[in-house]
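Asks: Take this structure, written in structure tokens, and hold onto it; I'll ask about it next.
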Amino acid sequence: MIGSRFSPEIRQALRIDISATLLFTVFAGLTGPFIGLILRRELGATPLQLAVMSSAGGACLLFSLLWARACHGRPPLPYLVWPGFAARGVFLLVPFVSSAWSFVGIVVARDFFGAAAAPAQAAVVERVYPRAQRGRALGVIRMAGALLGIGLALAAGQLFERVGYRGIFVAAALLGMAASLRQRRLSVPELESAGKDPGGLAGAWLTVRNDHAFRRLLGASFLVGFGCWIQTPAHPLLLVDVLHVSASQVGVFAAVAAIATLAGSAYWGWLVDRRSSLEALRVMYLVGAVTPLIYYVAWSPWVLVASSVTDSLLSVGLELVWMMAIIDVAGPHRTAQYVAIGATLAGVRGIAGPLAGGLLIHAFGVHAVYLVASILTFFGAWLVGRELRVHVPAPALLR
């Protein structure tokens, strides 16, 4: 039951979002953790194919400013629902996969439509959930998904050992599409005015140049994000070639991650409401820096249980804390544009990062990637900490 600390309108929105999240959790739990494993073990994907998949996914983010401009001055909900519907629906094509490249194409299509929904998602969150309760509300939604994900992850690992992945992916796609349709019932308030046209690349450049707080936020994010992206081609190689992880073990890791997500959702939501989104961002980056160190020293598959905890804390933080930080610094009329700018830069590092990771693997081995990633992430956390020492942050972030 949703607590009485929320208004009736917020409780109604939470009911819709929670039900959509539960459906999406099943979709994500039956697809995301197993993509790299299937590509490498079942389809024989090469490091180049894994790197190209990750870089192409990053390239999809380069269209974010276009999507933000498309929904400017219009109700954002359709721009959230239908791209998300398409992103999940592409997995209906998995039965027709005949090679690693065709599976990579499906994953890239998912990333393309998913990136299209991101600016609208932030705009919907900003309008539906008031700032004073936004962190806790988003935390409740993610906690609901984590609760389901705990049991689902264990079952999914066993399911992939017994049932062909093609049928599983089709069933997951149908549930993911239903989650998008459920979001159509959200009541999203209209703004009194549309605000200034974001103006594409030129407008984005002026925004970054003139908003010092946002520019500092992007700098730290770029370092941390680049550290995350260079790891993407290394994960399947470490899991399959070095540690020989099974699908059942992947399920255990996902279950542990779901438990950590449950705790992390509550903690991040509390921190951004009680302290500031900037303080939460610093803590989140420090946690994220630990993950590649665990991968670096891992001598057994079961060591990755620890990385499942830290990685899930970072993942839910990136969803919740980063969005809160962007909304706080942007304000109601510029949220979609600011999210799009951040996503565009994520696209730049998403193209370069996996390719750089592939070169590091080729030159120094798979473990070198994780050492470099940890250094970059620690440096990003240091930059955010420096801002906290120099400035006294308002509850909403640095203005």
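Asks: Suppose a student asked you for the relative contact order of the chain, using Cα pairs under 8 Å spaced at least 6 residues apart; what percent would you report? If you can, show how the numbers build up before the last one.
Replies: Numbers: 658 pairs, mean separation 115.3, N = 399.
So the answer I get is 29 percent.
Asks: Still on this structure, I have one more. If you place +1 on the Cβ of every Lys and Arg, -1 on the Cβ of every Asp and Glu, and leave all else neutral, what size is the dipole of the chain about its Cα centre, to the nearest 20 Debye?
Replies: Numbers: 31 positive and 17 negative charges, 133 e Å.
Roughly 640 debye, rounded to the nearest 20.
Asks: His72's amide H: which non-local residues (gap 5+, or another chain) put their own amide H closer than 5 Å, with H modeled 1.01 Å from N in plane and none for Pro or chain starts?
Replies: So His72 has HN proximity to no qualifying residue.
Asks: Evaluate the charge dipole of the stretch 229-342 about its Cα centre and quote only its size in Debye, nearest 20, assuming +1 on the Cβ of each Lys and Arg and -1 on the Cβ of each Asp and Glu.
Replies: Working: 4 positive and 6 negative charges, 38 e Å.
The calculation lands at about 180 debye.
Asks: As a footprinting exposure proxy, order Asp273, Asp241, Asp211, Asp328 by other Cβ within 10 Å, with the fewest listed first.
Replies: Working: Asp273 21, Asp241 13, Asp211 18, Asp328 26.
With the fewest neighbours first, Asp273, Asp241, Asp211, Asp328 line up as Asp241, Asp211, Asp273, Asp328.
Asks: Using θ = phi - 60° and the Karplus form 6.51 cos²θ - 1.76 cosθ + 1.60, what ³J(HN,Hα) does each residue of the stretch 22-34 get, whole Hz, x for Gly and Pro?
Replies: Taking θ as phi minus 60°, the curve returns 5, 5, 5, 4, 5, 4, 5, x, 9, 10, x, x, 10 Hz for the stretch 22-34.
Asks: Which distance in nm do the two modelled labels at Gln12 and Leu359 give, with both placed 7 Å along the Cα-to-Cβ direction?
Replies: Once both label points are built, they end up 5.5 nm from each other.
Asks: For labels at Ala263 and Trp101 in the simple 7 Å Cα→Cβ model, what's the distance in nm?
Replies: Using points 7 Å along Cα→Cβ, the separation is 4.6 nm.
Asks: Follow-up question, since we're still on this one. Picking from Ser308, Ser55, Ser246, which is most flexible by a Gaussian network model of the chain using Cα springs under 10 Å?
Replies: Result: Ser246 has the largest fluctuation of those listed.
Asks: In the stretch 1-96, which trypsin sites (Lys or Arg not before Pro) are in a loop and have at most 15 other Cβ atoms within 10 Å, using DSSP for the loop call?
Replies: Listed in order of number, the matching sites are Arg5.
Asks: Calculate, for Val208 and Trp382, the FRET efficiency according to 1/(1 + (r/R0)^6) with r their C-beta to C-beta distance and R0 35 Å; round to the nearest 0.05.
Replies: Working: r = 21 Å, r/R0 = 0.61.
Efficiency, from the Cβ-Cβ distance: 0.95.
Asks: Also, quick follow-up: Starting at the first residue of the stretch 270-285, write each ³J(HN,Hα) from the Karplus equation 6.51 cos²θ - 1.76 cosθ + 1.60 with θ = phi - 60°, in whole Hz, x for Gly and Pro.
Replies: Ordered by residue, 3J(HN,Hα) equals 5, 5, 6, 7, 8, 10, 7, 5, 6, 4, 4, 5, 4, 4, 4, 5 Hz.
Asks: Follow-up question, since we're still on this one. GNM on the chain, C-alpha springs below 10 Å: top fluctuator among Pro119, Pro233, Pro301?
Replies: Pro301
Asks: Could I ask something else about it? Return Trp101, Trp229 ranked ascending by Cβ neighbour count within 10 Å, so the fewest neighbours appear first. It would help to have the intermediate numbers written out before the result.
Replies: On the way: Trp101 13, Trp229 26.
Going from least to most buried by this count: Trp101, Trp229.
Asks: For each of Thr25, Thr261, count neighbouring Cβ atoms within 10 Å of the residue's Cβ, then give the residues from fewest to most. Numbers along the way, then the final one.
Replies: Working: Thr25 24, Thr261 28.
Exposure proxy ranking, most exposed first: Thr25, Thr261.
Asks: While we're here: Between Leu181 and Arg215, what is 0.36 nm times their sequence separation minus the Cα-Cα distance? Round to one decimal in nm.
Replies: Details: separation 34, 0.36 × 34 = 12.24 nm, distance 3.58 nm.
Contour length minus Cα-Cα distance gives 8.7 nm.
Asks: Could you state the angle between the C-alpha long axis of helix 47-60 and the longest principal axis of the C-alpha atoms of the chain, as a value from 0 to 90 degrees rounded to the nearest 10?
Replies: Between helix and principal axis, roughly 20 degrees.
Asks: Additional query: Please list 3J(HN,Hα) in residue order for the stretch 212-223, calculated via the Karplus relation 6.51 cos²θ - 1.76 cosθ + 1.60 where θ = phi - 60°; whole Hz, with x for glycine and proline.
Replies: 5, 4, 5, 5, 5, 4, 5, x, 5, 5, 5, 5
Readers should treat all values here as calculations from the given coordinates under stated rules, not as data from a laboratory. Here the structure is a predicted model, which means the values were calculated and not measured. Cβ: placed from backbone, ideal geometry, glycine included. Neighbour counts: every protein chain shown.
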